[in-house]
Amino acid sequence: MADRSDRIYKMTYESIYPMLLAKVERKGRTQAELDEIIRWMTGVAEPSELTGTYEELASTLQINPKASEIKGVICGVRVEELTDPTIKFARQLDKIVDELAKGRAIEKIERS
């Protein structure tokens, strides 16, 4: 049986972005705030226009070095203990979106 995380490699960012947006908007946050934290993490000017699988993105994007400071548990896994770049990218993204949805200040999410 395939590991649950195998699906992450094939997930496309463009299919996930609307779900991330819906999640933060349900909690009273905005698309601009979501785009700001994704821009901080990835360096991409227009996060809503980003395309590709998580595997492609993890191997091509210049992830912010401060993303290594993202810590905590997401989906039952400690983010800081992950070594696979694709899984780590996906879980770090999940974690900062969760932090935004929970009302954490942008400056703290960006580890400023």
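Being under 20 Å from ARG7 (Cα atoms) and polar (S, T, N, Q) is the filter; apply it to region 55-64 and report the residue that is surrounded by the fewest Cβ atoms within 10 Å (Cβ to Cβ). Within region 55-64, the match that is surrounded by the fewest Cβ atoms within 10 Å (Cβ to Cβ) is THR60. With respect to (1) part of a helix (DSSP H, G or I); (2) under 18 Å from ARG111 (Cα atoms); (3) polar (S, T, N, Q), the lone exception for SER59 is condition (2).
Working only within region 73-112, note down all residues that are in a loop (DSSP other than H, G, I, E, B), touching a helix residue (DSSP H, G or I) at 6+ places or on another chain (Cβ under 6 Å) and under 15 Å from ILE37 (Cβ atoms). Give the steps one after another, and end with the answer.
At the first step, the residues of region 73-112 found to be in a loop (DSSP other than H, G, I, E, B) are 75-76, 82-84, 102-105, 110-112.
Now drop any that are not touching a helix residue (DSSP H, G or I) at 6+ places or on another chain (Cβ under 6 Å), which leaves 82, 110-111.
If the condition is that a residue be in a loop (DSSP other than H, G, I, E, B), touching a helix residue (DSSP H, G or I) at 6+ places or on another chain (Cβ under 6 Å) and under 15 Å from ILE37 (Cβ atoms), then GLU110, ARG111 are the ones that fit.
Name the residues in region 78-109 that are of a type in the set (Val, Ile, Thr) and surrounded by 13 or more Cβ atoms within 10 Å (Cβ to Cβ), would you? Steps first, answer last, please.
Residues of region 78-109 that are of a type in the set (Val, Ile, Thr), as a first pass: 79, 83, 86-87, 96-97, 106, 109.
Residues satisfying the conditions are VAL79, THR86, ILE87, ILE96, VAL97, ILE106, ILE109.
From the list GLU49, GLU33, GLU25, GLU55, the one residue that fits, being at pLDDT below 95 and farther than 14 Å from ILE87 by Cα, is GLU49.
In the set (1) in contact with an Asp or Glu (Cβ under 9 Å, 6 or more places away or on another chain); (2) closer than 21 Å to LYS108 by Cβ; (3) surrounded by 14 or more Cβ atoms within 10 Å (Cβ to Cβ); (4) in contact (Cβ under 8 Å) with a residue 12 or more places away in the chain, ALA67 fails one condition alone, (1).
Assess whether ILE37 counts as being touching a residue at least 24 places away in the same chain (Cβ under 8 Å) and more than 21 Å from ARG7 (Cα to Cα). Taking the combined requirement at face value, the residue satisfies it. Within region 13-42, being closer than 23 Å to LEU61 by Cα and of a type in the set (Lys, Arg) holds for one residue alone: ARG39.
Which of (1) among the charged types (D, E, K, R); (2) in contact with a helix residue (DSSP H, G or I) (Cβ under 6 Å, 6 or more places away or on another chain); (3) surrounded by fewer than 17 Cβ atoms within 10 Å (Cβ to Cβ) does ASP35 not meet, given it meets every other one? Result: ASP35 fails condition (3) only. Of the residues making up region 76-109, those that are more than 13 Å from the chain's Cα centre (by Cα) and of a type outside the set (D, E, K, R) are GLY76, VAL77, LEU82, THR83, GLY103, ALA105, ILE106. For region 17-32, taking the residues that are surrounded by 16 or more Cβ atoms within 10 Å (Cβ to Cβ) and within 13 Å of the chain's Cα centre (by Cα), the one that is nearest to SER112 (Cα to Cα) is identified as VAL24.
The values are calculated or read from the model by the stated rules, or taken from the named source; none is laboratory data. Everything numeric in this text was worked out from a predicted model, so none of it was measured. Using ideal geometry, Cβ is built from the backbone for each residue, glycine included, and neighbour counts are taken over all protein chains shown.
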